[in-house]
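**Student:** Sharing a structure below in structure tokens format, with a few things to ask.
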Amino acid sequence: MLPDHLIIDFDSTFITKESLDELARLVLLNHKDGVERLKDVEALTLSGMEGKISFDLSLEKRIALIETNENDIKRITNELRKAVTPSIKKNRLFIQKHCSKILIFSGGFKEIIIPIVSEYGINEDQIFANEFIYDSDGNVIGIDKNNNMSKKSGKILMIKSLNLSGNIDVIGDGFTDYEIKKSGLATNFYAFIENINREKISQLSDKVLNSFDDYIAIVND
């Protein structure tokens, strides 16, 4: 039986890639320090996902390495539309049928996430993620630091602010997803390994999901 709320991570869960890393690849491709900067971005992503450094610090450092704008973000969003996780794509009708119970919690950015998950019936008000701040020319000059998702333990802060009740399942691949269960705010945490298996996270989970099919099997049992 489906829980009252199902929280799904976006990067490396709903899609096969890390969206900020992909944006960095696009932007830094022709940058004079591009190769080194990209290595730094990817290392910071990994450290944040494994809980080695706080997510807010990981995010702040990565944004500082990427000089981007609205056009870049539109381009990478179109690319990432093609990168929806195979078992998510396969179960599109299931997700659309139960979309009212689904929330997307992500340290990524709404501008990228909304166009992709909306095709699965998930509305903008069900998406909790970061937001870029732009100047008058459309260049990214920072992120909204008033947004809970930009802060340390952002997913915990966000779920507390929503006052959700009932059973809550969390599906994700990173430490910030596990933290929701650790804090006592979720009933179950499922480590999603279809795209990447972070061994530490799998060990902390209630159950490991090889694909979204495994989750459907659990709730239909």
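The values are calculated or read from the model by the stated rules, or taken from the named source; none is laboratory data. Values in this document were obtained by computation on a predicted structure and should not be read as measured data. Here the Cβ is made from the backbone with ideal geometry for all residues, glycine too, and neighbour counts use every protein chain on show. Note: areas computed on protein heavy atoms with side chains; ligands, DNA, RNA excluded. Shrake-Rupley method; radii C 1.70, N 1.55, O 1.52, S 1.80 Å.
**Student:** Do any residues in segment 39-52 that are at positive phi have Cβ atoms under 9 Å from those of residues that are open to solvent by less than 30 Å² (accessible area, probe 1.4 Å) and outside any helix (DSSP H, G or I), where the two are at least six apart or on different chains, and which pairs are they?
**Tutor:** As it stands, the answer is 51/174, since those pairs meet every condition given.
**Student:** Mind checking whether some residue in segment 62-78 is open to solvent by 30 Å² or more (accessible area, probe 1.4 Å), outside any loop (DSSP other than H, G, I, E, B), without any contact (Cβ under 8 Å) to a residue 24 or more places away in the chain and within 20 Å of residue 150 (Cβ to Cβ)?
**Tutor:** yes
**Student:** Sticking with this one: Within segment 110-131, restricting attention to residues that are of a type in the set (Val, Ile, Thr) and either out of contact with any helix residue (DSSP H, G or I) (no Cβ under 8 Å at 6 or more places or on another chain) or not in a loop (DSSP other than H, G, I, E, B) (or both), which residue is surrounded by the fewest Cβ atoms within 10 Å (Cβ to Cβ)?
**Tutor:** This residue is 114.
**Student:** In addition: Starting from segment 209-221, take each residue that is open to solvent by 50 Å² or more (accessible area, probe 1.4 Å) and list its partners that are assigned to a loop (DSSP other than H, G, I, E, B) and charged (D, E, K, R), counting only C-beta distances under 8 angstrom and pairs at least six apart or across chains.
**Tutor:** Correct list of pairs: 210/194.
**Student:** Name the residue, out of 192, 175, that is hydrophobic (A, V, I, L, M, F, W, C), under 26 Å from residue 131 (Cα atoms) and open to solvent by less than 20 Å² (accessible area, probe 1.4 Å).
**Tutor:** Answer to the check: 192.
**Student:** Touching a His at 6+ places or on another chain (Cβ under 8 Å) and open to solvent by less than 20 Å² (accessible area, probe 1.4 Å), is that true of residue 168?
**Tutor:** yes
**Student:** I'm trying to understand the selection: among the residues of segment 27-36, which are under 25 Å from residue 50 (Cβ atoms) and either open to solvent by 50 Å² or more (accessible area, probe 1.4 Å) or among the acidic types (Asp, Glu) (or both)?
**Tutor:** 35, 36
**Student:** Right, another one. Take segment 180-189 and flag every residue that is touching a residue at least 60 places away in the same chain (Cβ under 8 Å) and buried (at least 21 other Cβ atoms within 10 Å of the Cβ).
**Tutor:** The answer is 180, 186.
**Student:** Can I ask one more? Out of the residues in segment 155-182 meeting the condition of being under 24 Å from residue 109 (Cα atoms) and in a loop (DSSP other than H, G, I, E, B), tell me which one is modelled with the highest pLDDT.
**Tutor:** This residue is 173.
**Student:** Which residues, taken from segment 132-156, are open to solvent by 70 Å² or more (accessible area, probe 1.4 Å) and in contact with a helix residue (DSSP H, G or I) (Cβ under 7 Å, 6 or more places away or on another chain)?
**Tutor:** Listed by number, the residues that qualify are 151, 152.
**Student:** Taking residue 58 as meeting all but one of (1) part of a helix (DSSP H, G or I); (2) under 14 Å from residue 72 (Cβ atoms), write down the number of the exception.
**Tutor:** Just one mismatch for residue 58, condition (2).
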